[in-house]
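The values are calculated or read from the model by the stated rules, or taken from the named source; none is laboratory data. Note that the structure is predicted; figures quoted are calculated from it, not measured. Positions of Cβ are generated from backbone atoms using ideal geometry, with glycine treated the same way; all protein chains shown enter the neighbour counts.
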Amino acid sequence: MNTSNQKQSVLIWDFPVRVFHWLLVISFAGAWLTSESEAQQMIHYAFGYSACALVLFRIAWGVVGTRYARFSQFIKGPLETIRHIKALLTGNQHLGLGHNPAGALAMISLMILILIIGLTGYWGVKEYFGDFIGDVHDAVASLAMAVVMIHIAAAIIMSFIQKENLIRSMVTGKKLGTINQEIKFPMYFVGIGLALIWAYIFYLVISGSLPALTQ
C-alpha cells in the first residue's frame, strides 16, 4: 500500500513561524492594554518596538524560511485572491496546507499596520507633527485591532468548515496532509533565537537602555 498519499498529521509550520505568531499576539495585546496608562508607558513602548522587530524578522523569514513560511508560497495576485474569497463564500475550501490567499492578505495587512504603528509611535515620542501624529497612531492601531478580530473570527469559522483546529495547528505546527507535504526541519534553534532576541529588545526598551526610542 502506498502510504505517501494517506492523510496524517504532518509538520507544516516551522518553529520560528509559531514563535513569531504567538509573540506577536502577546506584543500587540500588551501594547493595546498599556496604551492609555502613563505609568505603563515604557511597557507600552517595549511591546510596540518588539512587535516591530518581530515583523522585520518575519519579512526576512518570508524570503529564506521553510516551504510554508515563504511569501512565494502563499502571496497571490489580487485576481486570485478575489477568486479565492468568492470560492469561500460559495462553500469551496482551500486545498493547500499553507496560508490561503485571504489569510495571506490579513497577515500582510497586519504586518504593514504594525510597522506604521511603530513608526507613528516613534514620531509621537519625538513630538513630530504635533497632535496629528498621535491621532494617526491611534487610528491605525484601531484598524489593526479590527484586522485582528477578523483574523480570529476567520480562523474559528474555517476550523469548523475544514473540520480541523487551525488555532491548535499554530501551536503544534501540524495539519492533516500527506507525508510528502511535510517540512523536514522544524528550525528550533532559529525559533529559540527569535524568542531570546525579542526578550532582549523588550528588556532594553523597558529598562531605558534605548533612550533614542523612548525620549
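The table that follows gives values for the structure above.
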read-out	value
Check on Glu164, free of Cβ contacts under 8 Å to residues at least 40 places away in the same chain and in contact with a strand residue (DSSP E or B) (Cβ under 9 Å, 6 or more places away or on another chain)	yes
Residue that is touching a Phe, Trp or Tyr at 6+ places or on another chain (Cβ under 9 Å) and under 29 Å from Glu36 (Cα atoms), where the choices are Ala153, Ala144, Ala199, Ala139	Ala144
Residue check for Met145: among the hydrophobic types (A, V, I, L, M, F, W, C), farther than 19 Å from Leu56 by Cα, modelled with pLDDT of 90 or more and in a helix (DSSP H, G or I)	yes
Of residues in region 189-215 being within 18 Å of the chain's Cα centre (by Cα) and either of a type outside the set (A, V, I, L, M, F, W, C) or loosely packed, with under 12 Cβ neighbours inside 10 Å (or both), the one nearest to Trp13 (Cα to Cα)	Gly191
Unmet criterion (only one of (1) within 23 Å of Ala141 (Cα to Cα); (2) touching a strand residue (DSSP E or B) at 6+ places or on another chain (Cβ under 6 Å); (3) aliphatic (A, V, I, L, M)) for Met42	(2)
Residue that is surrounded by fewer than 19 Cβ atoms within 10 Å (Cβ to Cβ), not aromatic (Phe, Trp, Tyr) and not in a helix (DSSP H, G or I), where the choices are Gln73, Gln6	Gln6
Residue within region 162-181 that is among the β-branched types (Val, Ile, Thr) and part of a loop (DSSP other than H, G, I, E, B) present	yes
The listed residue being modelled with pLDDT of 90 or more and assigned to a loop (DSSP other than H, G, I, E, B), out of Tyr128, Tyr45	Tyr128
Asn165, sole failed condition from (1) in contact with a Ser or Thr (Cβ under 6 Å, 6 or more places away or on another chain); (2) at pLDDT below 95; (3) of a type outside the set (Val, Ile, Thr); (4) under 24 Å from Val64 (Cα atoms)	(4)
Sole residue being among the aliphatic types (A, V, I, L, M), more than 24 Å from Gly62 (Cα to Cα) and part of a helix (DSSP H, G or I), chosen from Ile156, Ile117	Ile156
Inter-residue pairs, beta-carbon under 8 Å, first among the β-branched types (Val, Ile, Thr) and in region 79-92, second surrounded by 10 or more Cβ atoms within 10 Å (Cβ to Cβ) and at pLDDT 75 or above, 6+ apart	Thr81/Pro101; Thr81/Ala102; Thr81/Ala104; Thr81/Leu105; Ile85/Pro101; Ile85/Ala102
From Ile201, Ile150, Ile133, residue being assigned to a helix (DSSP H, G or I), within 27 Å of Gly77 (Cβ to Cβ) and either basic (Lys, Arg) or in contact with a helix residue (DSSP H, G or I) (Cβ under 8 Å, 6 or more places away or on another chain) (or both)	Ile150
